[in-house]
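Have a look at the structure below, then the notes.
Read-outs: derived from the displayed coordinates by stated rules, not from any lab. Predicted, not measured: the structure shown is a model, and the values here were computed from it. Methodologically, a virtual Cβ is constructed for each residue, glycine included, from the backbone with ideal geometry; neighbour enumeration extends over all protein chains shown.
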Amino acid sequence: VFYLFYAPEDCPIRFNRKTGKVYIYDHFLLYFGSLKTFTRSPFRVKEITMKEFDWADIQGVMTSVSAPISGGGMVRTYRIECVVCEPNTTNVIDYFTFCIDSSLSYDEWMWVNSFMAFSDKNLDTEQMPDEYEWSVKINWSEELDKKSKASSLEEYQQIDAEYKKLGNK
């Protein structure tokens, strides 16, 4: 019931190819599957975290899950998970789900790889306008919103320095 009413349909991800950064707006359900599910307030059942990563530290991993069906045969679902490693190592520090599909498809992952490697001389347009309606309200923090929309690494560094001066780091 908690998952049905409170889990988001989507966890938005912002990719900024100009700065080489990736921003994750992640949800997770608190207390799911524990006794606290019944003893805590039902109005605070999820927590939102916003994360920032360097694109160079992210690798895609495809996994699959199979389940038998009553009429015989199997149902298979594929997921592309992104693992975040410490810079220049293979030590995993975080991960997030990139996409889930019922067919063996990694078109989305290939598109993002192409987008992040693309030259601004070939394409410099906004991919998703701010007016786009998500099924859940997305409230990026002011800092990550500005950083994710930076048009150059220099602008990103200025924004980062501004927020470090304010004591947000």
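In the neighborhood of Trp55, defined by Cβ-to-Cβ distances under 10 Å, what is the net charge if each Lys or Arg adds +1 and each Asp or Glu adds -1?
Once positives and negatives cancel, what remains is 0.
For Ala67, what is the net charge nearby, where nearby means another residue's Cβ is under 15 Å from its Cβ and Lys, Arg count +1, Asp, Glu -1?
On the way: positive: Arg76, Arg79; negative: none.
Computed value for this residue: +2.
Averaging the inverse of every distinct alpha carbon separation and then flipping it gives the Kirkwood radius. What is it for the range 44-88, in angstrom units?
Over the range 44-88, the inverse of the mean reciprocal pair distance is 13.9 Å.
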